[in-house]
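The values are calculated or read from the model by the stated rules, or taken from the named source; none is laboratory data. Values in this document were obtained by computation on a predicted structure and should not be read as measured data. FYI the Cβ positions are ideal-geometry reconstructions off the backbone, even for glycines, and counts take in every protein chain you see. Just the protein is used for accessible areas: all its heavy atoms, side chains included, with ligands, DNA and RNA removed. Shrake-Rupley method; radii C 1.70, N 1.55, O 1.52, S 1.80 Å.
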Amino acid sequence: FEMRKNRHDEANEDLERAFDRLADECQEGSSEAAKRMQQEVGEAEKRVDELLRPLEGNTDDLGERTEDEIRGILRALEDATQARRATIDDFSSELEAIDTGRRETSEGLLKTLAEKLTAAAHAVPGEIERVVETKTLHLNAVLLENQKARKTLHGKLTVQTLERSKVNKNRWHTGLLLWKTKRHSCTGLDTSSGTCTCCDRDRKSTRLNSS
């Protein structure tokens, strides 16, 4: 009897240790996924700053840029927003895949537990079923909480992306107004080619003076 009880207890302890290791692995995987997502979002922000640099940095020659160039910046910003959304979707899918793997591995561990408990012959089949069912319910509760947290996080990140997109469009619109102002003030604008000869002369003069 004592030997059967020991085997029964050892089987439960083995399962708990395996569950703990699995939880740690999933946590590590989630943390790594979050780091990659944050890195990609950070790089996307740098890309946006580079796109807007012609409208916000040295704008001396802004007036000679064509409208297609200015509109092209807006299109590139919209593409960057779509890429950021895709990054968030990928991140959410990766978290979901981690939980799916956790469920599948846990189900295998629970099956092994049932086999060990049956082999130990310390408890009747009905009691073994209740033990496995209790642990399964606990697992399902954990995974359900993870699912809720994942959806909440996805929603927050999506809202942040939308807000950031609005900020970037406002920055672009400010640059558009500056471009229009410079465009109207240019006296050497060639309407047929869309180039500004006075700006071109100013740049050539600057290069000559600096040399």
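Scanning segment 128-187 for residues that are of a type in the set (Lys, Arg), within 30 Å of residue 64 (Cα to Cα) and surrounded by 13 or more Cβ atoms within 10 Å (Cβ to Cβ) gives 164, 169, 171, 180, 182, 183. Residues that are at pLDDT below 95, touching a Leu at 6+ places or on another chain (Cβ under 6 Å), part of a helix (DSSP H, G or I) and not polar (S, T, N, Q) do not occur anywhere in segment 140-151. Would you say residue 83 is open to solvent by 30 Å² or more (accessible area, probe 1.4 Å), at pLDDT 95 or above and among the small types (Gly, Ala, Ser)? So residue 83 passes the test. In summary, residue 98 fulfils each of the numbered conditions (1) open to solvent by 40 Å² or more (accessible area, probe 1.4 Å); (2) more than 30 Å from residue 181 (Cβ to Cβ); (3) not hydroxyl-bearing (Ser, Thr, Tyr) with the single exception of condition (1). Residue check: residue 35 meets all listed conditions (1) open to solvent by 70 Å² or more (accessible area, probe 1.4 Å); (2) in contact with a helix residue (DSSP H, G or I) (Cβ under 9 Å, 6 or more places away or on another chain); (3) in a helix (DSSP H, G or I) but one, namely (2).
For residue 76, the test of being open to solvent by less than 30 Å² (accessible area, probe 1.4 Å), under 27 Å from residue 180 (Cα atoms) and small (Gly, Ala, Ser) is passed.
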